[in-house]
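> Handing you this structure, nothing more for now.
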Amino acid sequence: MEQNDINIHQLTDEIYQILHKRVDKLGIAYGIVTEFSYNPEEPTSWTISIEDSEIVLTSDMLFQYMKQHQNLEDTLTGFMHDHFPYFN
């Protein structure tokens, strides 16, 4: 998928909900902050903190994972598996 095929602003709420659902199942402390801007020069990103680990999921990273997975839920699950040991 190309970035032009997807409107990231339309997906922001869905991404936030999927991330919460995935992390909430772990039963540990976490936080997810969405950084959203209407300025195309400042793409949307999500800061995900789980216990003492933190990573920023950028729109570019999201699109790279989308090329490897069938749907948004699988995309986010793959990202979480790659970046947080709690998912392995």
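The values are calculated or read from the model by the stated rules, or taken from the named source; none is laboratory data. Given the structure is predicted, the values throughout are model-derived calculations rather than measurements. We place every Cβ from the backbone using ideal geometry, glycine too, and count neighbours over all the protein chains shown. Just the protein is used for accessible areas: all its heavy atoms, side chains included, with ligands, DNA and RNA removed. Shrake-Rupley method; radii C 1.70, N 1.55, O 1.52, S 1.80 Å.
> Over all distinct alpha-carbon pairs, what is the Kirkwood Rh of the chain in angstrom?
13.3 Å
> Here's a follow-up. Placing +1 at every Lys and Arg Cβ and -1 at every Asp and Glu Cβ, with all other atoms neutral, what dipole size does the chain have around its Cα centre, in debye to the nearest 20?
About 280 debye.
> Expressed as an acute angle from 0 to 90° and rounded to the nearest 10, what is the orientation of the C-alpha long axis of helix 72-83 relative to the principal long axis of the chain?
50 degrees
> Further, regarding this structure: Defining a contact as two alpha carbons under 8 Å apart and six or more residues distant in sequence, what relative contact order in percent does the range 25-88 show?
21 percent
> Still on this model: Helix 59-68: angle to the longest alpha-carbon principal axis of the chain, degrees 0 to 90, nearest 10?
80 degrees
> Per residue, how large is the accessible surface of the range 32-77? Use a 1.4 angstrom probe and give square angstrom.
With the other protein chains kept in place, the range 32-77 gives 60 Å² per residue.
> Also, I was wondering about something else. How charged is the neighbourhood of residue 21? Take every other residue with its Cβ under 15 Å from the Cβ of residue 21, and add Lys/Arg as +1 and Asp/Glu as -1.
Overall, the nearby charge balance is -3.
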